[in-house]
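Notes follow the structure.
Values in this text are rule-based calculations from the coordinates and carry no lab data. What you see is a predicted model, and the numbers here were worked out from it, not measured in a lab. Neighbour counts are summed over all protein chains in view; Cβ atoms, including those assigned to glycine, are modelled from backbone coordinates with ideal geometry.
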Amino acid sequence: MKKKTKSPKGSKGFGNLKKGASSPTPTKAGKLRKEAAITYGKLLEEARICYTQGRTQEMITLLRKAIAINPDYPEAYSNLGLALQAQDDLEAAIASYEKAIAINPNYPEAYSNLGVALMEQGDLQGAIASYEKAVATNPNYPEAYSNLGLALQAQGDLEAAIASHEKAIAINPSDPVAYINLSLVQLLLGDYERGWQGYERRFQDPDNKLLVAHPQGERWDGHNLASGEPLILVSEQGLGDTLQFMRYVLYLNQTGNTAACLCAPTKLHDLIKASGITTIIYSPEEGNQLSKGKWLSLLSLPQYLNVSPANPLIDTPYIKVPEQRVGHWQQKLAAEKRPIVGINWHGSPSGTKLGKSLPLTTLTPIIEKTDASLLSLQKGDGAEQMADCSFRHRFVGCQEEINETWDFVETAAMIANCDLIITCDTSVAHLAAGMGRPTWMLLVAVPDWRWGMEGDTSFWYPSMRLFRQRERGNWHEVMDRVATALEALATTWNKTPAPGQKVSSLQVPATSWKKSMI
């Protein structure tokens, strides 16, 4: 599950503009010719419609025309900032918000919108200051409190973040977004009981677009199903989330509570089947057509199964790979110098904004500590960095073929032939650790909820070791610790295995695998 705090609401509202209320105040309108005032109002209304339809470039054009007619109307500048921000032009958006505030220093929505832009830019202190201005100007502004909570969480001040989210809830108890944001802080702190409960509020959010499919039946409420009534499990959010939580479909299979079907991203179907899940699997398109039975999100299962660090249910390697495919890549890599370290350094664009990704060159101190061969598991964005890195000659001979192989079963087979995986927080981490492979994950100072705030192990994956930032944004210190650990680990590697020797030459402490039942 990627960090699914909602996009801060202050960035979504179209200023204070409402249909039929987009004209300037009477005092300002009186300074304009009557015809210009009518034109101005029409421009603002057309811009509002463009915003709701995602036509941001037209919105920008209309608002600039409106500003040319009346350059002293702060809402037009704030709304222009929204459109510019939607186009990722943060500098221009910030300037537009600041112009709105300069005209009206008591404009809470502009302060909140400015805070969102500053947060996207990475300026947490500036964002917090802006949100605090918003709530000082309007103490009953729940969206600004919720936004402030997000910024405080990113800064690592989790208790203050909780207080801010609770303030938002106190002002508007019917808004599910504040509950969702609060639940993610609770989960991050290990309060799984309240965290799971609050996280279910995401299905009360009309903007929720997290599910991969929308079956036509009702959502299951956790009570007993009618005799013969199927339960449809639906994947949610990113590929890593499905890889992490598909274990609970396997758990249902093993305990006799066989789910009727699973709707999952098509690209994962072969891997799910190879892992021994016997449930019928549908594509998202097929899932949308299912009319019989109730549905439940895959990420809601942990709440109903009472999953917590003390009760993981399944903490054994649960992702399986066909031996034939493992053997195929074993032959491909037979001539490579051992050990082989698989690396992955770049996540999705949203992960990049959250600081999860890092430049490939940041890994240089790690690479210099070992003469291991490298195998890049990077796909898409970030893969182009391999061409210019100083250690490009260290990648395995079949790297080009690997780059062109996007199938998850094949990727899992490659991972099975690696001695160690070093990765940031991406689907590769879940895939490798779900297979039980030694996995070192590089984490930001305030990570996704599932990794908690402390410790170098995870109850989700016993074969995983966590390397956390001790200072926000400082990867160099992390790399120093990883390099030291890798240097120590390298002494356990058999560097010249005999021909035909099993590919895995990494010596790691035995993991005690256990399965808990409820």
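The table that follows gives values for the structure above.
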{"item": "Of Lys42/Lys65; Lys267/Lys292; Lys337/Lys369; Lys99/Lys133; Lys294/Lys320; Lys267/Lys356, those spanning more than 18 Å from alpha-carbon to alpha-carbon", "result": "Lys267/Lys292; Lys294/Lys320; Lys267/Lys356"}
{"item": "DSSP bridge orientation in the chain - percent antiparallel, rounded to nearest 5", "result": "10"}
{"item": "Gained length - Ala163 relative to Thr39, 0.36 nm times residue gap less alpha-carbon distance", "result": "40.1 nm"}
{"item": "Amide N of region 409-431 lying under 19 Å from the label point, which is placed 7 angstrom from the Cα of Gln254 along Cα→Cβ", "result": "430-431"}
{"item": "FRET efficiency for Glu400 and Ala335, using Cβ-Cβ distance with R0 set to 22 Å, rounded to 0.05", "result": "0.90"}
{"item": "Net lengthening on full extension, Glu477/His393 (0.36 nm per residue, minus Cα-Cα)", "result": "27.7 nm"}
{"item": "Separation of alpha-carbon centers, region 399-456 and region 231-308, rounded to whole Å", "result": "21"}
{"item": "Nitroxide proxy distance, nm - points 7 Å out along Cα→Cβ at Asp456 and Glu98", "result": "4.4"}
{"item": "With Cα atoms, 0 to 90° folded angle of helix 74-86 axis to the chain main axis", "result": "20"}
{"item": "Percentage of interatomic Cα-Cα distances in region 231-304 larger than 18 Å", "result": "28"}
{"item": "Mean projection area, nm², convex hull over Cα of the chain", "result": "26.3"}
{"item": "Residue order, fewest to most beta carbons within 10 Å, for Cys418, Cys389", "result": "Cys389, Cys418"}
{"item": "Extension gain from Ile280 to Arg194, taking 0.36 nm per residue of separation minus the Cα-Cα distance", "result": "27.8 nm"}
{"item": "Mean Cβ count within 10 Å, highest first, over the residues of peptides 213-224, 63-74", "result": "63-74, 213-224"}
{"item": "Volume of the Cα convex hull of region 323-490, divided per residue and given in Å³", "result": "108"}
